[in-house]
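Please read the structure below before turning to the comments.
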Amino acid sequence: MLNLATTTILGCLLLLISGNAASAETIPLGKFSSASQADGLFKELNLKVDTKTYPLTKAELSSWVKEKNILTYNPDYVSEIENKDICQHAKSILCALALSLKDKDHIQKSSILYLDTGSTKRFVEDLSRQANIAPTDAKLTIENGKVSVFTLSQKGLELDKEKSVAVLANHLLQKGTGDTIDLPYIRKNPEVGTDSIDNLGITSLIGEGRSNFRGSPKNRIFNIKVATNRFNGTLIKPGEEFSFVKILGEVDGEHGYLPELVIKKDKTEPEFGGGICQVSTTAFRAAIYGGLEITARRNHAYPVSYYNPQGMDATVYVPWPDLRFINNTPGHILIQTEIAGTELIFRFFGTPDGRKINVVGPTILERKPDGSMKTTFSQQVFDADGKLIREDVFNSSYDSPDKYPHPGEVLTKKPDDWSKREWSEYLKANKR
C-alpha cells in the first residue's frame, strides 16, 4: 500500500508523463473515463440577449472543448495498459523507485476535458456583432423657429463579452441542465436624447448653402433626393469632425439609388448614385458660409454646370474623396435640407458666437478654349470684435471636359460589375 508521500510523488510523475493539458486559455471541466461519458455536456442551447435569442449548436459548443488523455493511479482498478513500463516515458530513476511492479497494475488512463476559452471568446466576439445595437440619436427639425423632434432617440445595446464568456464557461463547469442562457449586456445611451433638446443650444441659422440642379435627368434628380434625406436632421456635436461619406453610407441599388453619370478616372460613366456630388457641394457651401473649418475637400475633375459658380464644388466618392469639416461653434449644429423646385438648400442651425464670415470669390484665374480652368476663393472668419481669426484659401484646377468622354444616353450592355438585379432596375428605369 502506498503512503501519502509516495502517492503524491506518483501523481506528479504521472502528470509529467501525461503532459500538461492546462494553459492560460483553458479551464478544466472534469475527468472522464472516456469522452463519450462527457457527451451530456454538449446540447443545443439558446442564448438570450435582451429580447432576442441566438442558437448555440451542439457542434459549436463541442468545438470549444478539448480532450487530453492522462494516467492516474487507482488501487481499485486493474490496468488494461499492455505496456506497463510507463517509467520509460518519464526517463526518471525516481519513477522506477516509486512504482513497484504491482503498482503498475493499477495505472488507469482517463480523459480530462478542457474548455478552450480562446474559442469561446471568438464565438462571443462574432455574436456581439449580431447582437449589438447602436444607439439612435434624436432627429430634429425646425418648426416656427423652434427645434422639435421628428424621430425619437433609442437606447443601444452592447453585449458584455467578458462576462458572457464567464457565463458560458460556468454553464459547462456546473453541468447546467437548462436549455436557455441569459447573457449579460449593457444599455448604451444615445448622445442626443429626446429629452435633451433644450440643452443643445440650437437657436439660430448660422450657415446656408445653395446649388441648382436645373436640367438634370430624372435618375440624377432621384439620387439627389435620396442622398439629401440622409442628412436632414443630422446633429453635429461641438468639436466633432463631420464626414459626408460616413453619414451617406452605402451607395448602390440596394440602398435606393439609380444609375447616373459620375466622373470616374478618365471617363464619365453611369454608376449608382450619380448626382450625390450636388448634395456634397451644397453642404460644403453651408459649411463655408457658417465659418466652419474645412478639413477635407476636393474639386471635380472638370467644370460641371450644376455647380456654378465654378470653384465652390466638393466631389465625394465612397470611401474617398470625402468632404469633412469641424464644428468649431459653441453648440450643436442641426442640418436642415430643402428642395425647392430645382434648388437644393442646406441650412445649419446652431449657437451664434458673434462671428462674421466674408467669402471672397470665387474668381476664375485662368480659362482655356478646351474648357479647362483654374479658380480660387477664400473664407475669412472674424470674431465678435471684428478680429480676423482664420483665413482659408481654396484653389481649384479643372481639366478639359473632353478628357472625360460621355457614353450614350442609355446603356445597351450590362457593365461587368453590375448584378442582374441592378441591370434589370436600370433597364426598367430607362424604359427599355
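Below is a table of values for the structure above.
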read-out	value
Count of the stretch 332-352 residues which are surrounded by fewer than 21 Cβ atoms within 10 Å (Cβ to Cβ) and in a loop (DSSP other than H, G, I, E, B)	4
Failed item in (1) under 35 Å from the mean Cα position of the chain (by Cα); (2) within 28 Å of Ile221 (Cα to Cα); (3) not small (Gly, Ala, Ser), with Asn327 passing the rest	(2)
Filtered residues of the stretch 383-405 (kept if free of Cβ contacts under 8 Å to residues at least 40 places away in the same chain and more than 20 Å from Met312 (Cβ to Cβ))	Asp383, Ala384, Asp385, Gly386, Lys387, Leu388, Ile389, Asp402
Candidate set from the stretch 118-138 (those that are modelled with pLDDT under 85 and buried (at least 18 other Cβ atoms within 10 Å of the Cβ)); member that is farthest from Ile181 (Cα to Cα)	Ala138
Phe222 vs. criteria aromatic (Phe, Trp, Tyr) and under 25 Å from Glu269 (Cα atoms)	yes
Selection count, the stretch 384-428, where residues are modelled with pLDDT of 90 or more and surrounded by fewer than 10 Cβ atoms within 10 Å (Cβ to Cβ)	3
Which listed residue is part of a helix (DSSP H, G or I), on the phi < 0 side of the Ramachandran plot and aromatic (Phe, Trp, Tyr), from Tyr306, Tyr257, Tyr302	Tyr306
Filter result (assigned to a loop (DSSP other than H, G, I, E, B) and at pLDDT 95 or above) within the stretch 270-293	Gly290, Gly291, Leu292
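Per-residue answers, yes or no, for (1) touching a strand residue (DSSP E or B) at 6+ places or on another chain (Cβ under 9 Å); (2) modelled with pLDDT under 90; (3) farther than 25 Å from Phe349 by Cα; (4) crowded, with 16+ Cβ neighbours inside 10 Å:
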| site | (1), (2), (3), (4) |
| --- | --- |
| Ile181 | yes, no, yes, yes |
| Thr203 | yes, yes, no, no |
| Phe213 | yes, no, no, yes |
| Ile224 | yes, no, no, yes |
| Phe242 | yes, no, no, yes |
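Let's see how each residue does on (1) part of a strand (DSSP E or B); (2) within 30 Å of Phe42 (Cβ to Cβ); (3) at pLDDT 60 or above:
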{"site": "Tyr54", "(1), (2), (3)": "yes, yes, yes"}
{"site": "Glu67", "(1), (2), (3)": "yes, yes, yes"}
{"site": "Asp76", "(1), (2), (3)": "no, yes, yes"}
{"site": "Leu101", "(1), (2), (3)": "no, no, no"}
{"site": "Leu115", "(1), (2), (3)": "yes, yes, yes"}
{"site": "Leu140", "(1), (2), (3)": "yes, no, yes"}
{"site": "Leu157", "(1), (2), (3)": "yes, yes, yes"}
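A quick yes/no check of all residues on (1) more than 26 Å from Lys403 (Cα to Cα); (2) out of contact with any helix residue (DSSP H, G or I) (no Cβ under 9 Å at 6 or more places or on another chain):
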{"position": "Ser243", "(1), (2)": "yes, yes"}
{"position": "His255", "(1), (2)": "yes, no"}
{"position": "Glu260", "(1), (2)": "no, no"}
{"position": "Ile276", "(1), (2)": "no, no"}
{"position": "Tyr306", "(1), (2)": "no, no"}
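The values are calculated or read from the model by the stated rules, or taken from the named source; none is laboratory data. All of these numbers come straight from a predicted model, not from anything done at the bench. Don't worry about glycine lacking a Cβ; one is built from the backbone with ideal geometry, like all the others, and counts go over all protein chains shown.
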